[in-house]
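Structure first, then comments.
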Amino acid sequence: MDVREYIEANASGFFTTLKEWLAIPSISGDPARRGDVRRSAEWLQAHLRETGFPVVEIWETGTQDAPGLPAVFAEWPAADPAAPTVVVYGHHDVQPVEPLAEWETAPFEPVERGDQIVGRGASDDKGQVLFHTLGLKANLAASGTTAPPVTIKMLVEGEEESGSPHFAQLLRDRRDRLACDAVVISDTTMWAADVPSLCTGMRGLTEAEVSLYGPSSDLHSGSFGGAVPNPLHAMTSLLAGLHDERNRVTLKGFYDGVVELTDEERELFARLPFDEAAWLETAGESRAAFGEEGFTTLERVWARPTAEINGMWGGHTGPGGKTIVPREAHAKLSFRLVAGQDPKAVQEAFAAYVEEHTPPGVEARVRFPSGGVRPCFSPIDSAGVRAARRAMERAFGTEVLFTREGGSGPEADLADVLEAPLVFIAVGLDEDRIHAPNEKVDKPLLLKGAEAAAYLWHEFVS
């Protein structure tokens, strides 16, 4: 029995098992559901043991005084001790389900509807975690062996949907157990059901809040306007200066080290069937594309860094007029970062920019709520990406293209702490309504994901 035949023969049981897991409401952001997150971890622990993993453990997170939510670790050594080691990452916690009234079925009573399974976590991320177990069993059945061609370690966290507050520390604490040659991530999407693709990077993030202070109180604009500094004027000038006439960010050193797109990557991005007008409709019915000159829309949202003004306030915003020089002004900003950029360096550059552009008579204070999230990136010609592409093309029977993602997640921590390259294998779709009511996953794509996972382990050693 080959890989595809095994998966087809076991598809029904796989979907039944997935629905059993989806019925556990493992909402990490709801304190009332902490017990359910643990129950989800225990369910996965039992399933991985049943799959055949000889080592399966629940790993606690946080501290005794401030406990986190459990992760699940499993390991299946390769028959050859010299074979590569791969960590497979995913998460078993899910998003809240509100607004509940918009669900067509109960979110934790998963149903099969034609070629889809509907339920919270179906795509993000329980379905994509589980296809790895089916793929591994198919690999072993087709090869007639009792151990995989690479050592497989699974790490499935329980706090991803809450920002992974304890994940980096967990990686540092368990680094020896997680030592590996590559990390496979199945928590993203591909372009379309008929256009399979591999993600090769995710943008990083750092946020900032800046406050400008002028007079000790609001002043009468007739008596003082035009004669003392206005913090709101200063703020608007400061923010307007963040971009030049080509819409490039003006912070000193902002683009230093940025990994530029290769000609091959740009050509592959351009081959994706992208309808910009339709995309603008999904972007809040935006009326035009906009951004850094010299780049397409996809290149901007996937591979270029940005500076965005998220909010600005100060002075009088209530009903009626109030003719004042306001005493203070505030703004919040975010910077999306790409490969080669460091959040700390961007924070330092922004603080220096604010200091340089704050006029006399105005006091500036800059605050960064966190250290930020590093970007992650895998070159398309790297060994792991080439292996993943071959595996996906065998499963889908067609050319696999490349994408990136504009958001941020714990992937950079995996790359930094474990010092291993990232490989993204995922079959979710943008239309899966993750984080929204009526989340779904396409059953045929889960089976293709399992098939690709089955081929991947041999591709890593070929």
For this session: Using θ = phi - 60° and the Karplus relation 6.51 cos²θ - 1.76 cosθ + 1.60, list the HN-Hα couplings for the stretch 255-263 in order, rounded to whole Hz, with x at every Gly or Pro.
Result: 9, 4, x, 4, 7, 6, 5, 7, 4
Exercise. How much length is gained on full extension from V195 to W313, taking 0.36 nm per residue of separation minus their Cα-Cα distance?
Worked result: 38.1 nm
Problem set entry | Neighbour cut-off at most 13 other Cβ (10 Å), DSSP loop, trypsin sites (Lys or Arg not before Pro), the stretch 297-395 | K322
Exercise. Taking the Cβ-Cβ separation of H435 and S221 as r and a Förster radius of 41 Å, what is the calculated FRET efficiency to the nearest 0.05?
Worked result: 0.35
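Mean separation of Cα pairs under 8 Å and 6+ residues apart, divided by the residue count of the chain: what relative contact order is that in percent?
Result for the chain is 25 percent.
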Exercise. Looking only at the stretch 429-450, which residues have a backbone nitrogen under 12 Å from a spot 7 Å from the Cα of D115 in the C-beta direction?
Worked result: 442-448
For this session: Tell me the label-point distance for the pair A288, R365, using the 7 Å Cα-to-Cβ offset, in nm and rounded to one decimal.
Result: 3.9 nm
Exercise. For the stretch 178-335, what class follows from the C-alpha gyration tensor (a ≥ b ≥ c being the square roots of its eigenvalues): rounded when a/c is under 1.5, otherwise prolate if a/b is larger than b/c, else oblate?
Worked result: prolate
Seminar exercise, completed: At the level of C-alpha centres, the distance separating the stretch 67-110 and the stretch 224-246, in angstrom, is 48 Å
For this session: May I have the count of lysine pairs in the chain with C-alpha atoms under 23 Å apart, counting pairs 8 or more residues apart or located on different chains?
Result: 18
Exercise. Using a 1.4 angstrom probe and counting only protein chains, how large is the accessible area of I309 in Å², to 10?
Worked result: 80 Å²
Seminar exercise, completed: In Å², rounded to a whole number, the accessible area per residue of the stretch 337-442 with probe 1.4 Å is 41 Å²
Exercise. For the chain, what proportion of DSSP beta bridges, expressed in % and rounded to the nearest 5, is antiparallel?
Worked result: 70 percent
Exercise. So what is the diffusion coefficient of the chain in µm² per second by Stokes-Einstein at 4 °C and 1.567 mPa s, using a Kirkwood Rh over Cα pairs?
Worked result: 54 µm²/s
Exercise. Amide H neighbours of L69 under 5 Å, counting only residues 5+ apart in sequence or on other chains, H built in-plane at 1.01 Å?
Worked result: T61
Seminar exercise, completed: Each label sits 7 Å from Cα toward the beta-carbon; between E20 and R175 the label points are separated, in nm, by 3.8 nm
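The values are calculated or read from the model by the stated rules, or taken from the named source; none is laboratory data. Values in this document were obtained by computation on a predicted structure and should not be read as measured data. Glycine also receives a Cβ, built like all others from the backbone with ideal geometry; neighbour counts cover every protein chain displayed. Ligands, DNA and RNA are stripped out before the accessible areas are found, and what is left, the full protein with its side chains, is counted by its heavy atoms. Shrake-Rupley method; radii C 1.70, N 1.55, O 1.52, S 1.80 Å.
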